[in-house]
Every structure is written in structure tokens, then in C-alpha cells.
1. So B:Gly356 passes all but one of these: (1) over 30 Å from B:Cys309 (Cα atoms); (2) of a type outside the set (D, E, K, R); (3) surrounded by 13 or more Cβ atoms within 10 Å (Cβ to Cβ); (4) modelled with pLDDT under 85. Which condition number does it fail?
2. Limited to the range A:561-614, what total is found for residues that are part of a helix (DSSP H, G or I), of a type in the set (A, V, I, L, M, F, W, C) and under 17 Å from A:Ser503 (Cβ atoms)?
3. Scan the range B:84-115 residue by residue and report those that are of a type in the set (Val, Ile, Thr) and either out of contact with any Ser or Thr (no Cβ under 8 Å at 6 or more places or on another chain) or free of Cβ contacts under 8 Å to residues at least 40 places away in the same chain (or both).
4. Failed condition for A:Asn312, given (1) within 14 Å of chain B (Cβ to nearest Cβ); (2) touching a Leu at 6+ places or on another chain (Cβ under 8 Å); (3) of a type outside the set (Lys, Arg); (4) buried (at least 22 other Cβ atoms within 10 Å of the Cβ), with all others met?
5. Test of understanding: among A:Lys456, A:Lys461, A:Lys467, A:Lys393, which residue is within 30 Å of A:Ala516 (Cβ to Cβ), in contact with a helix residue (DSSP H, G or I) (Cβ under 9 Å, 6 or more places away or on another chain), within 14 Å of another protein chain (Cβ to nearest Cβ) and surrounded by fewer than 24 Cβ atoms within 10 Å (Cβ to Cβ)?
6. From the set of residues in the range B:181-217 that are more than 14 Å from every other protein chain (Cβ to nearest Cβ) and basic (Lys, Arg), which is nearest to B:Asp246 (Cα to Cα)?
7. Right, A:Tyr453: in a loop (DSSP other than H, G, I, E, B) and among the aromatic types (Phe, Trp, Tyr) or not?
8. Does the range B:218-230 include one or more residues that are within 14 Å of chain A (Cβ to nearest Cβ) and either at positive phi or part of a helix (DSSP H, G or I) (or both)?
Amino acid sequence: MNVNKLFGLTRSVSFGRNVFATRVAQKGDCVHHFRSRRFIRSSARSLTYAKDLFLGKVNKAEVFPFPEISKEELEELNQLVQPVEKFFNEDVDSKKIDHEAVIPPETLNGLKELGLFGIQVPEEYGGLGLSNTMYARLGEITSLDGAIAVTLAAHQAIGLKGILIAGNDAQKAKYLPKLATGEHIAAFCLTEPGSGSDAASIQTRATLTEDGKHFLLNGTKFWISNGGWADIMTVFARTEVVDKDGEKKDKITAFIVERAFGGVTSGKPEDKLGIRGSNTCEVTFEDTKVPVENVIGEVGGGFKVAMNILNNGRFSMGSAGAGMIKRLIELTSEYAGTRKQFNRSLSEFGMIQDKFATMALNAFVMESMAYLTAGMMDRPGVPDCSLEAAMVKVFSSEGSWICVSEALQVLGGLGFTKNYPYERYLRDCRILQIFEGTNEILRMYIALTGMQYAGKILTGKIKEMKKGNVGVVFEILGKKLKDSVVKTVDFGLTGKDGVVHPSLTESAKMFEQNAAHFGSTVESLLYRYGKTIVEEQLVLKKVADVLINLYAMTAVLSRTSRSISIGLRNHDHEVLLTNTFCKDAHFKNNFLLTQLQKNSPENNDANIKKIAQEVIAKRAYVCSHPLDRTF
Amino acid sequence: MNAPRQLLRIQCIARFLGTPIQRVIPPTGAHLQTPGSQHKYGQLLRPLHCSAVCSTSRPSQTPLEKTVEAETLKKDKSLVTHDDLFERAARDSKTKADFNRVVDVFSKKDIRRRGHVEFIYAALKKMPEFGVERDITVYNKLLDVFPKEVFVPRNFIQRMFNHYPRQQECGVQLLEQMENYGIMPNVETKVLLAQIFGEKSHPMRKYQRIMYWFPKFKHANPFPVPHVLPSDPVELARFSLTRIADDLDAKITIYQYPSTDITETGEEVMRPHIVGIQSPNQRTLLAKHNPSRPVFVEGPFPLWLRKTCVHYFLLRADPIPSEETVEEEFDLEMMGPEQSLFYPQRLELDLERDMGDDFRFDVDDVKEGPVYAMCMAGQGDQVTLSQWISGLQETCPILGQIPTVFRLESGPRELQTTSDAQQTPEQEVETDPIIEEEPLHSQRVKQ
């Protein structure tokens, strides 16, 4: 037993060293490369992790080992973090911001001085030039005030990102310096009154003037964060484009619009439930003259720009949520430790302990997912992490909501009052499930993107099966038989050459089992529904949930393996959290996958649909009152 | 000691059943008892228990009562008497009060209630005439005419055989009529039945069955029609149109209220009501209508609301020929996989739904043209309906460019035959006595 342990330890040490060696080598090679390419890149890369899970493949090279930043970067980051943390603890009065629904100018100035308006803007344009990972770290702190976090995110995660990722050098040189210092504030104008999440139906129109030098912009944009005070706006509008067949078509184009161009009016700021300090309002463009140089990318290519901005900006919500929960744990545990009930401290009660465990687990998983995704995005090359980023967003927005609610519950009635910050946190974090793509839409995105990917590869095989090709059928039957007999799936995560630390073997096995099961489920879903799966939203929701769980399991396994290997402080606690989470997720996945089987008695979808249809047909609650009589 | 008597009675019943019905008047059942047993069991001597309604002190005799007395005196010879009673009682008016008066008079005139079965049958028949066929209190009052406790079986033999069959039959008939009119018995009915026939009699069974089924069927119709329809033609049109157009978004527009104008020449000009309904979907469909193709105003089509018939008109078009139907083009960049801003609206896969998961029915769709709007109007002529069309133009300006063809049938017959133009067809049908008298046993929707 002891010998075994020892063996495991030495192996893990060597494993850790291996990890390091490769990392360092890699870093050394591309250190120069890295510096200059810290900002976001987009478009597809051949290797993908989440998409391959749909095929029942675990692309372990993508997610193991857990990404890390260099020592110099870490030091640089820590230097940045300290003053920011100090500023948020001392100079930001969240209660006042919430109450007065405005961020005071001195707070904004403080943020500008800290450079928080240009975190990812390269240094040559006057920004901090931080990578995604470092941006995520700062997000943990800025999230302590929801209004500030949203203002900053609207400014740089979406507002100026268009210029950053798709703008040309002239545009960057013209706009980025002032945006990075916060002299100008940016906004992202996509949503319209008639199109909430359905961005394809935007009506704002840009028409080329006769001299061909300007576009005239007309239309109204809704729910624009920073809309009231933004000086530079990324606006999406329809333009007429002649395509290669010579036909005229409406395509979407992205523009950089300065308020100074004229014809831009903002409505009254919306009175919101949460993030009250942030400015959200309607922006109307009336014959706004935009020079053709201000088109981002090419005319008619706005859709891709919008997609890239949104798809890659979501990952930071994970670290933001984790930062908030970590703060909440500190606040509530102090209360639970001191408050006595029935002569016992609150923290001795099982149900209260349960809440703390939930909070710790959620914070841990969110953090792992966020930094894993950020690390993947920071890798050289052009990674496509939109699926992963969306998963982080869904998981962390829902986890945050649960955790804030649990934290409030620990305090009971006190948490419900305005004397404590919990109600504000609760209100603020409700928006997470709504903006940057609602969680419903993102689940559809996650599931369908994966289905499309898997479908392309599996179509041939499924068609053969449908034709009744004996060979293929036997192959599948044989595989199923083998799976049922052998019962072990091995993706090489554990054992010799394993990437997961031996103390997490059990969890890794659970993950592997789920991953294999998920692959075969996707195949059978494609067999059953084909391309009509688009209409099966309840099925897709389950698919997305399984995938999110799988990705979360991957993230914690990867992170904890690294922690153990390099001997981070309290890594035994991480092991505990990992094993707990994986077991929980494993059973949840099993249930979801069972529901996805054909004719599964666990599946209630048909009934759920019927209930909803009956209610919606009446537009009211259908049942009679329980006190009603017929005679 | 009981047995021989019961046997005797059974024989009596058998004989009684064999004889023609007319001969067993008066049907109190008293004559079935052998004289010897009368005193012993005291069935005849027991005073008839009457409910409070019946046992009120007798007022001074009215002419009606006198006729009743006379009738009863004559009745030994004649059979069809009670019908006359009602006829005579209500020569001038037929109301609930009159009906109740007849029943009261009958109940009070004779403590033995001789001839009550005939009376009840006659009363049941006359109920619709008096307009009380839906009144539970009247039914209870009629039940109250039965003497109490006399017909309650007192031992197992009586219980086993049909005790006082004619009375029970009559009770069942009364309940049956209630059933046919969709009247739910109440607790009073139950108490009365228990007092008259006992807990396990046939009428009681009937009552129980009604009480079992009625509540279950009470809400069987998801689109109930009230018994009393609105008398205002505009309100009635509003009700009927929303009933046909089962779209919660559909909007009712009243294009014209009914009114009467007097022209300079002193003629009275009737302005009929025009009430239309159109849903937002219909409006968008109409806006997309090809202006070179005509739209049709058709009608009148009947709509029955219980016994009332109303008529409505349609604005419709022919089905769009296949060569003109434009497939809604979708932009692959915005809808297709990998391209959509938020999520793909369709997948680019060469895989169809598996047969085992395809639960669609193979339905032969009949191509039908779109219906753009509906209306109800006080008059079905072209002048009135073109007013409706011009009203529709306010929201759908395209209608001005589309040729409108009026394909009106001769119009609702009720409307045209009515001499009084003010009378709407529904009112006319409502007062039509022929329909009223129709027994509606099976066809009725029971409420």
C-alpha cells in the first residue's frame, strides 16, 4: 500500500516535471510571438475539444495539462491586481451606486487611472495589453460591483473588441488610444426593438451616399449598455451588397460610429432590477454620416465580426462569478460561525454546511472552467473556443444565481434586507443568465454546433446503417456487445502515460464513461432525428447540459492534476472538491443520458410540451380552482 | 303471516300490469291492498305527509280551484283532464306563477292527491309551454305532489319487487325530463325522492346516476354557449365572431352601430350593424395578397348557437396557385450552421428523421384559400358589406387596389321573410314555437 503510494507520488512528480518541461520549452520558443499576439484571435482551428466530445473522443492534448502563465506574467499580474483590489475595497461604494443608479465620476476616474478601460488593448495603443487569462483574473475583482463590471465589459469585451479583432491599423491607431485610457467610452449596438436574440432580423440600415464616401445610418438600437455616454459605438446595420452573381442582397456590416458624427440620440436610461449603476438605454441614429473608412472588416462582413466578438467574450463570466462567490463565502462564513441558534453555532448545522459546500464547489468549477478556456484562447494559433466560452457562461451564470441565493439564505431574514449586500448581489447576478446570449440560446448554440460537427462526420456511417448494411450493423453491434462485456472505457486519461493524477482515477473513470456514453448517444440522436433535431429543443437542452457537465469535469480534473503535481497549497481540498463534483456530475449525466434514450420512461418531454401547449393555447392557467364545484 | 299477503299482492300487481293503463284510475295504489290488511298495516290510514309547500292553509276558493274540483268530480269518467286544467288555468298568460298556481291548487284540493300521477305527467308535458322546463324549483314542486312515505317499501319483499311501479315510473320520467333539459337535481330533490320512494327506489337510482354523470359532462364542451344569448345584435355578433375565430389576438371592430335615420323626405332609413373580426396574422396575409387576384366576399353562412341561427360573411381569396407561391428564401449566412450569430436555425446535414421517430400523420391537405376577415351585419346586401370592406381598408390599404367580388347568396331567409326589419334572425328563431316543442332528447347537448 505504502509502496504503491510512494510509486504514485514519484510518478506524479515526474509527470509534473514533464508538464513543466514542455510548457517551458514551448514558452521559450514562442515568447516573442506570444507577446505580440496577446489579443484575441478568431476563426477556426483544426483541434477542438468540446466538439470532439460529440464524437465520443477525448482530445486530451487540448485540455491537459491545465494552462498556466509564465512567472513574469504572474508577477506582472499580481502587481496589477493589488491596487485594483484595494480600489474596489476602499473606493467603490456599491450600495450608493446601486441606490443612485449611477457610477460617480470619481470612481470612473479611478478605474481609468488603473487602466481598467484598456485591459486587452495592446500596449502600443496605450492599453495594458493583457492576455485573456489575465483579463479573467482582473474580472474576478471587477465583478465585486456588478454595475462597474458590466460597464467595463460593455466597453472593452464587446464595445471596442470589434476594432481590436477586425479593425485595420488606421482604425486602431485612431480609436484605440483614447478608448484604452477611458477618455472615450465604447458601446456595442446590435440588439433592436424587433430583434432580441434574433440578430438576423435587424432593421437598421446604412445606405451609401452618392459620392460613395459615406454611409447614412438610420435606425434604433435597444438595450445598449453604456448607450447614454458612449462616444464610440460599434453599430451593425444592413447594407446593400452586390454578390458574385450580380444580385443585390442585404448584408450586415459593422461600423465604427462616433457620437460626434451627429444624428445620434440616446433615450432615457432604463430603470433595471440589478446592475443599476450601469447605463442601459435606447440609441437612435438619424441620417448619421459614417465615412466608409469606418467599416469594420469588409462591407457585408459584419455578421462574422459580431459573432466573433460575442462568441469569445463570454468566458470571463466564469471568473467573475467565481470572484463574487469567493467574496460571498467570506462574508457568510463569518456570520455562520458567530451566529448561535439552539446553543449551537449556525455552521454546525448540516443544512448550512451543505450551502457552503455548494458555494465552494461552484466557485471551484467556475474558476477551473474559466481559466481553462482562457488558457486555450491564449494559445498560439487560432483557437476556436466559442463552444467552450458559451459553456462557461451558462454554467457560471446559473451557478452564481444558485450560490448567491444560498448565501442569502444562510442569513435568513437579514439577507433579505437592504442592510446587507446579498439582495444587491442577487439582483445584479440575475442579468448573467440573460445578456450576451440568453442561456437558452446558448444551450441551443452549444448543442447544435456540436451536432453539426458530429453529423458531418457520422452521416456516411448512419446512412449505411439505415440502408441495412450488414457489415456496419455488425460492427456497431459488436462494439456495443464489447462495451457491455468489458464495461471499461479507456481514453488514456489514467494509467500509464495518463494525464490525470492517480488520486483522481475514480473521477477520471467516471468522466471517461460519461464521455463514451455521450458519444454513442449523440450518434443515436443523429440517427433518430437527422437534421430535424433543430426542432427538438428539449433534447438539445439535455445534450448541452451533458456537455457542460463533461467540460466542467474535464476542467476540474485538469486543474487538480496540475495542483497536485506542482504541490499547490491545499491541493488536497481540490482533490476533495474534484471528486465530489465529478461524482455528482456523473450521476446527473447518467440520468440525462438515460432520458435521451428512445422510449425512456424517465423522459417527460412529451408531457412537458403538452402542458405548455395547453397553457399557451389558453394564455392562462388551465385548471379549475380547487374549491370549485360542479353541483 | 306476511307471506300470503305479499303473494296476493304480487298477483294483484301482475294483473294490474296486464290490464290497459287507462283502467287503473285512480292510481293511488290503494285498491291494490286487500281490504283485510288495510287496518293491520295502516298504509291507507296513515296521513299523507306533505311538505311545507303543500300544507299551507287553504285560501278561499278561486275560480281555478272550482274548475279543479269540477274536474276531479268528472274525472272518474274522463281521462284527459289535467291537460285541460293547465289550458284553462293559463288561457291568458303562461308564466311560472300560473304554473305554480295550478300545482298548488291540485295539491291542496284533496288530501289523498287522487290522480297525482296523471297530473304530473300532464304537468311535465306542459312545462315548456310555461317556460319553466329549466327551473329546478318547479321540478321539485312537482315532485312534492307525490304523497310522502306511502311508496317507501317497508320490507325486503317489497324492496325486491317493483313497489308501486307506476309512481316510480312517473318519478323516473320526471327526472328524465330534467335530464333532457340538462337540469341538475339538487339536495331538495334528493330529500323529496327519499321521502317519497325511499333510499333504494328506481327514482333514487335515477337520481344517483344523474348525479354521477352530470358533473362529469358539465364541462365537456370547451366552448360553452350561454343559455341566454345577448339580445343586443352587436354583442351577439361579437360573441359569435370570437367563437368562430379562435384566435386570442383577433380584434373585433364595430364598423357601424345599428341606428335609424330619418331622411329629409321623412323616410326611415335603417342603418344595420356591421361587426368584423380580423387577426394580426390575417392582416399580414392580406397585405401580401397579390392585387391582380380578386378577393371574394361570401356568405351568408349559418352559425347555430343553441336554437339560434346567426349568419356571417367571409372575405377570402382563392388558393394561391403553386407557380406564384414564393418559397421564403433564407439567408444561409444568417441561418445556417456555424454562421448564425447565436445559434444555427438549420443544420447542413444529409440526414432525415428516422421513420421510427416520425410520428407525423399522413394527412391529405386540401389546398384552401386564405380567409382574411369575417363579419356579421344586420343586412346581407352588397351595400352593407361594401361598407365593411371600406372599413377594412383603413387598416389594410392594399384592399383598395384589389378587385372585390361579392358572391352573396339570396341571404338569410329569416332575415328577408321578416316583415319587421328590426327583428334579427336569431330572435325570430327563438320565438319559433315549432322548434320549442321539438323533444330534444338525444340531440341536445346536455348542460
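The values are calculated or read from the model by the stated rules, or taken from the named source; none is laboratory data. It should be emphasised that the depicted structure is a prediction, and the values quoted were computed from it without experimental measurement. In this analysis, Cβ positions are derived from the backbone assuming ideal geometry, glycine residues included, and neighbour counts consider all displayed protein chains.
1. Here B:Gly356 meets the rest and fails (3).
2. 7
3. Answer for the range B:84-115, where residues must be of a type in the set (Val, Ile, Thr) and either out of contact with any Ser or Thr (no Cβ under 8 Å at 6 or more places or on another chain) or free of Cβ contacts under 8 Å to residues at least 40 places away in the same chain (or both): B:Thr95, B:Val102, B:Val103, B:Ile111.
4. (2)
5. Only one candidate passes the filter, namely A:Lys461.
6. If we take residues in the range B:181-217 being more than 14 Å from every other protein chain (Cβ to nearest Cβ) and basic (Lys, Arg), then B:Lys206 is nearest to B:Asp246 (Cα to Cα).
7. Working: in a loop (DSSP other than H, G, I, E, B): no; among the aromatic types (Phe, Trp, Tyr): yes.
Answer is no for this residue.
8. yes
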